Amino acid sequence: MTDPAHDPAPWAYETAAVQTAIPRGLGETIGFPIHAAAAFQFDTLEEAQEEFQVNGGLSYARLQNPTVRALETRVSALEGGAATVAVASGQAATLTSILSVCRAGDHVVSAASLFGGTTGMLTNILPLMGITATLVDGTPDAIRGAMRETTRLVWAEMISNPAGDVPDIAALADVAHGHGALLAIDNTCGGVGYLCRPLEHGADIVSQSLTKWAGGHGSVMGGSVTVGTRHDLSRTPIYTDGGEQSLLRVRGEHALAWRQRWLGAHQIGMTLAPHSAFLIAQGLETLALRVSRESATALALAQWLQAHPRVGKVSYPGLPDHRFHANAARQLPRGQGAVLTFEVPDPSAFLARVRVLRIAPNLGDVRTLVVHPWTTTHGRVPEAARHAAGVTPTTIRMSVGVEDLADLQADIEQAL
Ligand SMILES: *Cc1c(COP(=O)(O)O)cnc(C)c1O
């Protein structure tokens, strides 16, 4: 079986992506074995008791499964983190991340430019549990201005979906930590640490959808929450209440990761299936190749679209005129991602004509996907929030795949 401790530490991203958590030894698979199991057996009462003490020990597969564990080890390596819990979707990761530090009466400050599901979580679901959120512009000043006594978490997306906002992670970390809060970054568009490793810039929690670039082929759903070792929970009541029996005392440096697994997998049951974990782990093996090519194609398309007479505003953080270009250039040296938006005169006619481009509400597929966010992904978001997220009635969002650049340009040209 896989022993994460056997994996030598500092590999380059591309090496870690294919080598981490692969078993060694005679007859072992080159790749992850899929453990299709709901439960694991014990030889004795004492063994069972011992495993049950360990949250995430191998007892019942809602808590932990060797295939899922191997994926978690790989995600930790790629994000430069200490521990990861994999869950069933990006939404499940968002919920796990927020509930790991917030409870009724607590407050979240988030950058407003967000994936629609995250806006929904912050404004519709968490208030049901007494957790409120303030959504503001993603600059450090705006975030600082929204901080309250009860703020436990600051949230932002690394390359926001779809506006392409790029937060200054170190500056947001300073704001959060100055208030005793933690910083969580949704790194879905940061390519599982390939384009950006938020923990290395000072973030405390990396939450992401593994459905997008990790899976990479539009074939599987998943999410993950990764933490490092430098977070300070001394001002987070969930961890400090209870004196000697507090979570922080009992679990020490593992408290945050322990609670995330306990919440997301063990208690709420948003467990990732082993077959899904296998597909995602396999997707991660080619992520670096895909994302570097997709980023280069996205930049070329953004420049070409910007010069096109029938195209309105083009938004891509790799373009010098993007509001967050300086943050992008500094924090995303390998490329500014595969997502761009552009305005077309008639979105309905444009989408009816595309042939290479596929209309689908996903990101990170090997195929180039387009969508009209106003009527789909952001259709249920209030209008003002849609504009704050960079979505107008004529916006097209494109997630660039690995196809040939000239074929993509020809398809867009005829559709325009
Ligand atoms: C898609 C997405 C999510 C949600 O992930 P699912 O796997 O669809 O649940 C969260 N954040 C961002 C930035 C996303 O793009």
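Taken over the Cα atoms of segment 289-415, the convex hull encloses 100 Å³ per residue. Average accessible surface for the chain: 40 Å² per residue, computed with a 1.4 Å probe over protein heavy atoms with every protein chain in place. Among S348, S76, S207, the residue with the largest mean-square fluctuation in a Gaussian network model of the chain, with springs joining Cα atoms closer than 10 Å, is S348. Between 0 and 90 degrees, the angle of helix 274-284 with respect to the longest Cα principal axis of the chain falls at about 50 degrees. Measuring gaps between exposed loop sites in the chain (GluC sites (Glu not before Pro); DSSP loop; at most 15 other Cβ atoms within 10 Å), the longest gap, sites not included, is 150-416. For the chain, the extents of the C-alpha atoms along the principal axes are 73, 56, 34 Å, listed from largest to smallest.
For the pair segment 109-134 and segment 198-270, the centres of their Cα atoms are 18 angstrom apart.
At 1.4 Å probe size, with the rest of the protein present, what percent of the exposed accessible area of segment 289-415 is carbon and sulfur atoms?
The computed percentage sits at 56.
Have a look at G31, G81, G390 and tell me which one the Gaussian network model of the chain (Cα, springs below 10 Å) gives the largest fluctuation. Maximum fluctuation in the GNM of the chain, among the listed residues, is at G31.
Here r is the Cβ-Cβ distance between I125 and T286 and R0 is 41 Å; the resulting FRET efficiency, rounded to 0.05, is 0.75. DSSP loop trypsin sites (Lys or Arg not before Pro) in segment 235-308 with at most 14 other Cβ atoms within 10 Å of their Cβ, which ones? Passing sites in segment 235-308 are R235.
Karplus-based coupling profile of segment 45-50, in residue order and whole Hz: 4, 5, 4, 4, 4, 4, with θ = phi - 60° in 6.51 cos²θ - 1.76 cosθ + 1.60 and x standing for Gly or Pro. For segment 380-387, 3J(HN,Hα) computed residue by residue from phi via the Karplus equation (6.51, -1.76, 1.60; θ = phi - 60°) reads 9, 7, x, 4, 4, 5, 4, 4 Hz, glycine and proline entered as x. Within the full protein context, the accessible area of W258 is estimated at about 50 Å² for a probe radius of 1.4 Å. Looking at segment 327-377, the trypsin sites (Lys or Arg not before Pro) that sit in a DSSP loop and have at most 15 other Cβ atoms within 10 Å of their own Cβ are R334, R355.
Between Q303 and E200, the FRET efficiency estimated from the beta carbon spacing at R0 = 45 angstrom works out to 0.95. Residues whose amide H lies under 5 Å from that of L183, counting only those 5 or more places away or on a different chain, are V154, D204, I205; hydrogens are built 1.01 Å from N in the peptide plane.
The values are calculated or read from the model by the stated rules, or taken from the named source; none is laboratory data. As the structure is a computational prediction, the values presented were derived from the model and not from experiment. All Cβ positions, even for glycine, are placed from backbone atoms using ideal geometry, and neighbour counts span all protein chains on display. What goes into the accessible areas is simple: the full protein's heavy atoms, side chains included, and nothing from ligands, DNA or RNA. Shrake-Rupley method; radii C 1.70, N 1.55, O 1.52, S 1.80 Å.
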